[in-house]
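The values are calculated or read from the model by the stated rules, or taken from the named source; none is laboratory data. Quick caveat: nothing in here was measured; it's all calculated off a predicted structure. Positions of Cβ are backbone-derived with ideal geometry, glycine not excepted, and every protein chain shown enters the neighbour counts. When the accessible area is computed, the model is the full protein with side chains, heavy atoms only, and any ligands, DNA or RNA have been set aside. Shrake-Rupley method; radii C 1.70, N 1.55, O 1.52, S 1.80 Å.
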Amino acid sequence: MAYLSMGEAHRRITEYLNRFSDAVSFQDGASLKQLLSVSSNSPSLLSLADSLNVFQDANRLIKQSEKYSQFGEIIAPFFRCMQSYRTGNLLDAYHAFEKAANAFLPEFRNWESAWALEALYVVAYEIRILAERADRELAFNGKSPEKLKGAGSFLMKVFGVLAGKGPKRVGALYVTCQLFKIYFKLGTVNLCRSVIRSIETARIFDFEEFPKRDKVTYMYYTGRLEVFNENFPAADHKLSYALMHCHPHNEANIRMILKYLIPVKLSIGILPKDWLLEKYGLVEYNNVIQALKRGDLRLLREALQEHEDRFLRSGVFLVLEKLELQVYQRLLKKIYIIQKQRDPSKAHQMKLEVIVKALKWLEIDMDLDEVECIVAILIYKNLVKGYFAHKSKVVVLSKQDPFPKLNSKPVNS
């Protein structure tokens, strides 16, 4: 850092105080937002932090003028936050910002119009980001990370302020999305339910009036929740909405959506195009899709084993593992097609030992009883139409549509 005189430090701090006061006086939400963006690393805020570390009596500047002192409970802890942030003390930075945020909230509540929504968004974002970084610092020092949970409690208070009538309510979805990010990070996704219930059932909210950005994020996270709950039609609807309305140039977000939408589509019998996997770097699904096309159980299992860590981290491993039934269906269909070419009159009679041999060719050892059990499940779940001739160990397939398509519906539970 270049030499900074006491006088120059005083000037920069005073300039910040004037800008903060003017932003509130003129209801300039865009300017107020920039003044609170700790993690943006903007040159003006980093310069402020350096000035605060040179001029140690900023509190006196705040108190000496009513123009500044009316916001002292916000600005004083914010100054401490910037000092700590600049020196890399993220735990102290979080504590100070939390104090500033708690002072900002009643001021926001008292402002009649929604002019400061963007500033509130920054407060909601920054408290989450600083909490995450503070928790990493705590964990590194062998202490229990707990600040993100505290940030979640603060954001619930923010949600309560926004969940009323009037123009401020459009901010509720942004705060909800910040809460989702916290709950998913902490592994407490069950806490999402109460917020979702408020958004989707409260009469004060009209989903279409929320900003497009927030609707996309909301549908992405609620879609992921439906994946975890194995409610694939709802997951398909929500993730497809997120994909359709996501900015086409935001490839990182599109990739995040597809990471969950592809397993959902596969579970309802829809296979993505190869170019889509290539474009968005989702090649881990290549062999899963090839296995579905070929009826190759060995390939599916190898693909799941190869990318097990990635699929487990995403929470889609169990969804993909359940594709085995579709692979079995495809294998039986291939056997049926071969039999039909050889002897059309007997194509609908499939010996269990033929299925055993096909699996053996794929290096999967199963006896007749195991295969009979698999086929029984396929029949029960309406993936195969037919019945068993138990004495002769034959599956008698329906002569009409023996292998029903899923038609965008999940396999019956």
Point to revise | Test: L312 is under 23 Å from G187 (Cβ atoms) and either touching a residue at least 60 places away in the same chain (Cβ under 8 Å) or surrounded by fewer than 21 Cβ atoms within 10 Å (Cβ to Cβ) (or both) | key: yes
Check your understanding: Yes or no: N89 open to solvent by 70 Å² or more (accessible area, probe 1.4 Å) and either within 25 Å of D135 (Cβ to Cβ) or under 32 Å from the mean Cα position of the chain (by Cα) (or both)?
Key -> no
Revision key, fill the gap. When (1) of a type in the set (G, A, S); (2) more than 25 Å from K212 (Cβ to Cβ); (3) open to solvent by less than 20 Å² (accessible area, probe 1.4 Å) are applied to G171, the one that fails is (2)
Review point. Do you know which of the residues in the stretch 17-59 that are open to solvent by 10 Å² or more (accessible area, probe 1.4 Å) and aromatic (F, W, Y) is farthest from Q70 (Cα to Cα)?
Key: F55
Check your understanding: If you scan the stretch 60-74, which residues turn out to be open to solvent by less than 80 Å² (accessible area, probe 1.4 Å) and over 33 Å from the mean Cα position of the chain (by Cα)?
Key -> L61, I62, S65, Y68, S69, F71, G72
Point to revise | Answer from Y121, Y85, Y125 - the residue that is in a helix (DSSP H, G or I) and closer than 24 Å to A58 by Cα | key: Y85
Review point. Of the residues in the stretch 238-255, how many are out of contact with any Asp or Glu (no Cβ under 8 Å at 6 or more places or on another chain), surrounded by 20 or more Cβ atoms within 10 Å (Cβ to Cβ) and not aliphatic (A, V, I, L, M)?
Key: 1
Review point. Which one is least open to solvent (accessible area, probe 1.4 Å) among residues in the stretch 217-237 that are under 15 Å from K259 (Cα atoms) and touching a residue at least 60 places away in the same chain (Cβ under 8 Å)?
Key: V227
Review point. Only one residue in S314, S345 is modelled with pLDDT under 90 and not β-branched (V, I, T). Which one?
Key: S345
Check your understanding: Is at least one residue of the stretch 167-182 touching a residue at least 24 places away in the same chain (Cβ under 8 Å), among the aromatic types (F, W, Y) and within 19 Å of M256 (Cα to Cα)?
Key -> yes
Check your understanding: Picking from L179, L148, L155, L191, which residue would you name as being under 25 Å from E98 (Cα atoms), open to solvent by 30 Å² or more (accessible area, probe 1.4 Å), of a type outside the set (D, E) and assigned to a helix (DSSP H, G or I)?
Key -> L191
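Can you confirm whether R169 is modelled with pLDDT under 95 and in a helix (DSSP H, G or I)?
So R169 passes the test.
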Practice item. Considering every residue within the stretch 59-76, establish whether at least one is more than 28 Å from K168 (Cα to Cα) and among the aromatic types (F, W, Y). Key: no
Practice item. Scan the stretch 256-307 for residues that are closer than 23 Å to A235 by Cα, open to solvent by less than 10 Å² (accessible area, probe 1.4 Å) and part of a loop (DSSP other than H, G, I, E, B) and jot them down. Key: I268, L282
Review point. Has the stretch 45-56 got any residue that is part of a loop (DSSP other than H, G, I, E, B), farther than 20 Å from R128 by Cα and not hydroxyl-bearing (S, T, Y)?
Key: yes
Exercise for review: Would you be able to say whether some residue in the stretch 7-24 is in a loop (DSSP other than H, G, I, E, B) and in the same structural domain as R128 (by TED's automatic domain parsing)?
Suggested key: no
